[in-house]
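K.L.:
Have a look at this one.
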Amino acid sequence: MKHPRLLLGLLPLGLWAAFALPDLLTAEQSGPWFWRRNLILLSGIVALWWMSAGMLLATRAPWLEKRFGGLDKLYRLHKNIGIGAGLLVLLHWQLEWLPKKLSKAGLIAGPNRPRAPHVPDFWIDLAKDVGEWAGYLLMALVVVALLRRLPYHWFRLVHKAFGLIFLGGAFHGLLLMPKEFWQTPLAWATLAVAALGVVPALLSLSGRIGRRRQHSAQVEQVRQADGQVLEIVCRPAASWPGHQAGQFLLADFGVRGEGAHPFTIASAWNAQAGTLTLAVKALGDFTGKLPQSLAAGQTIRLEGPYGQFDFASTSSRQIWVAGGIGITPFLARLQALAANGQRVDADLFYSSASDSPFPEQLDALCAQTGVRLHRRQSERDGPFTGEEIAACHGDGSSVWFCGPRRWGEALARRFQQQGLARADFHQEAFEFR
């Protein structure tokens, strides 16, 4: 699915234009207040569709991951849909609130009709109150979730509230939908879409998302490769299905309030050995304190494997580009090739910030598998330029990138200018917030 957000917007708009708009155009009523009322309804419906889609994507379902090219890209779409839902709720609220305030202030003309007396109805009044507060909370939580300086455990706690907000928004939208609107397919389609979001919301609130892919593991070794990278060797339970080189997992180290964090698996899977390695770079408070809180013999929880950065390609030659800790999927791939006695036609460009020995076996693995290694310390020599990397491009090439997002995006544009198909540039989108 190339443009899911466009489809998510056009589908309810198309149903509205087909089944609701013709009646509105021929209605006896007209004027800005008439259209305001119907735009409030339309914006609320589209917002509910987006919120439901966001909840569905949050399930980490294998079929969704496969459909959207990996959990990293699935979560990036989930994030964008969440932002879009927040903006739609803001529009919905402004259409309801702003004209009334402007009318009361005498800045615009009010509706030319007598105001009907309010007839108390417990459920209608409750739906209005719930919807109003759910809207306020959603807009606030979208802002909070986007604050990069917010510690991860606070981000995780805030994110859990979205399930409750969705349930409140669905209750508000469906109960306040006009009776005559239920005669249109759009109303019933909206009910079905809302139902799709209710189950994920309940799973999220009960902490059951991803439970079927969770496995206990025991830490066998913890070693500090250098001042920043921590290597954790662990033995997962027999239920672990194995993984492909380049995939990642969610690891919960039992730190209170932190939950699971994503890490690329830095080793190939060998069922006889039965262990896997995680390489964790100290990038924040949690990862910085992990060497002091983790020890051999400790039990942790793994969830996965996830991702489709698996080097599967029909290309005869590959270009690998890694920045910093982004070397981990390539390290796993090299180990898998070496274990099978395979050689590949590939160039590996590895840029590290410092003269770190990690990974120590990189040169030997490249020599063993035929991979041409280009290694550079960026602080001393500067990063690889697009020209240097693109010089390896030829017919039948594919590019695999894991590193800083902006570097990858710039490199993708450079290769596309040289004729590389977009589908042949693979980038790990490892920003989950």
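K.L.:
Students often get this wrong, so check it: of K73/K289; K79/K281; K100/K160; K160/K289; K73/K101; K79/K128, which have C-alpha atoms separated by over 32 Å?
P.N.:
Correct reply: K100/K160; K73/K101.
K.L.:
Would you mind telling me the antiparallel percentage of the DSSP bridges in the chain, rounded to 5?
P.N.:
Of all bridge pairs located within the chain, approximately 55 percent are antiparallel.
K.L.:
By how many nm would the segment from T299 to R223 lengthen if fully extended, with 0.36 nm per residue of separation less the alpha-carbon distance?
P.N.:
25.7 nm
K.L.:
Per residue, what volume in Å³ does the Cα convex hull of the stretch 80-214 take up?
P.N.:
Dividing the Cα hull volume of the stretch 80-214 by its residue count gives 166 Å³.
K.L.:
Which peptide among 168-175, 265-272 comes first, and what is the full order, when sorted by highest mean count of other Cβ atoms within 10 Å?
P.N.:
Averaged packing, sorted descending, gives the order 168-175, 265-272.
K.L.:
Describe numerically, in nm with one decimal, the distance between label points set 7 Å from Cα along Cα→Cβ at R422 and at R406.
P.N.:
Label-label distance for R422 and R406, simple model: 2.3 nm.
K.L.:
Are there DSSP H segments in the chain that both extend 20 Å or more along their axis (alpha-carbon positions) and score a mean Kyte-Doolittle hydropathy of at least 1.6? List them, or say none.
P.N.:
Sorted by number, the helices that extend far enough and score high enough are 185-205.
K.L.:
Once Rg and Dmax of the Cα atoms in Å is worked out from the coordinates, which option in (i) 20.3, 61; (ii) 47.3, 152; (iii) 26.1, 84 does it equal?
P.N.:
(iii)
K.L.:
Another question, if that's okay. Quick one: which residues, 5+ away or cross-chain, put their amide H under 5 Å from the amide H of W400? H built at 1.01 Å from N.
P.N.:
Amide H to amide H, under 5 Å and 5 or more residues apart or across chains, W400 pairs with I319, W320, V321, H426.
K.L.:
Add -39500 (n - 2.57) for each DSSP H run of 4 or more in the chain, then divide by its residues: what number comes out at 222 nm, to the nearest 500 deg cm²/dmol?
P.N.:
Rounded to the nearest 500, it is -15500 deg cm²/dmol.
K.L.:
Next question, about the same structure. What is the packing order of peptides 37-46, 89-98, 355-364, taking the mean over residues of other C-beta atoms within 10 Å and listing the highest first?
P.N.:
Result, highest mean Cβ count within 10 Å first: 37-46, 89-98, 355-364.
K.L.:
Using 0.36 nm times the number of residues separating R343 and T314, minus their current alpha carbon distance, what extension gain do you get?
P.N.:
8.9 nm
K.L.:
Does anything in the stretch 290-323 have its amide N under 17 Å from the 7 Å Cα→Cβ label point of D381, and if so which residues?
P.N.:
Within reach of a label on D381, which here means backbone N under 17 Å from a point 7 Å along Cα→Cβ, the stretch 290-323 contributes 320-323.
K.L.:
Highest first, please rank the peptides 120-132, 212-224, 315-327 by the mean number of other Cβ atoms sitting within 10 Å of their residues.
P.N.:
Highest to lowest by the protection proxy: 315-327, 212-224, 120-132.
K.L.:
Output the direction-averaged projected area (hull surface divided by four) of the convex hull of the alpha-carbon atoms of the stretch 264-368, in nm².
P.N.:
That works out to 8.3 nm².
K.L.:
Which three semi-axes in whole Å describe the equivalent ellipsoid of the stretch 1-43, each the square root of 5 times a Cα gyration tensor eigenvalue, listed largest first?
P.N.:
Equivalent ellipsoid of the stretch 1-43: 26, 11, 5 Å, largest first.
K.L.:
Further question: What value does the stretch 205-312 have for Rg/Rh, both radii from Cα atoms and Rh as Kirkwood defines it?
P.N.:
Reported Rg/Rh, Kirkwood definition of Rh: 0.94.
K.L.:
Please work out the FRET efficiency for the pair L7 and N112, using the Cβ-Cβ distance as r and a Förster radius of 45 Å; give the result to the nearest 0.05.
P.N.:
0.70
K.L.:
Apply 1/(1 + (r/R0)^6) to the Cβ-Cβ distance of M139 and A273, taking R0 = 45 Å, and write down the FRET efficiency to the nearest 0.05.
P.N.:
Calculated value: 0.35.
K.L.:
Separation between the A367 and L157 pseudo-spin-labels, each 7 Å from Cα along Cα→Cβ, expressed in nm?
P.N.:
It works out to 5.2 nm between the two label points.
K.L.:
Going from most exposed to least, what order do Y75, Y136, Y350 have by accessible area with a 1.4 Å probe?
P.N.:
So, going from the largest accessible area down, we get Y136, Y75, Y350.
K.L.:
Now for a different question. State the extension gain, in nm to one decimal, for the chain segment bounded by F181 and V198, taking 0.36 nm per residue of separation less the distance between their alpha-carbons.
P.N.:
Net length gain for the segment: 4.0 nm.
The values are calculated or read from the model by the stated rules, or taken from the named source; none is laboratory data. Remember, predicted model here, so these are calculated numbers, not experimental data. Virtual Cβ from ideal backbone geometry, glycine too; neighbours counted across all protein chains shown. Just so you know, the surface numbers come from the protein's heavy atoms only, side chains and all, with ligands and any DNA or RNA stripped out. Shrake-Rupley method; radii C 1.70, N 1.55, O 1.52, S 1.80 Å.
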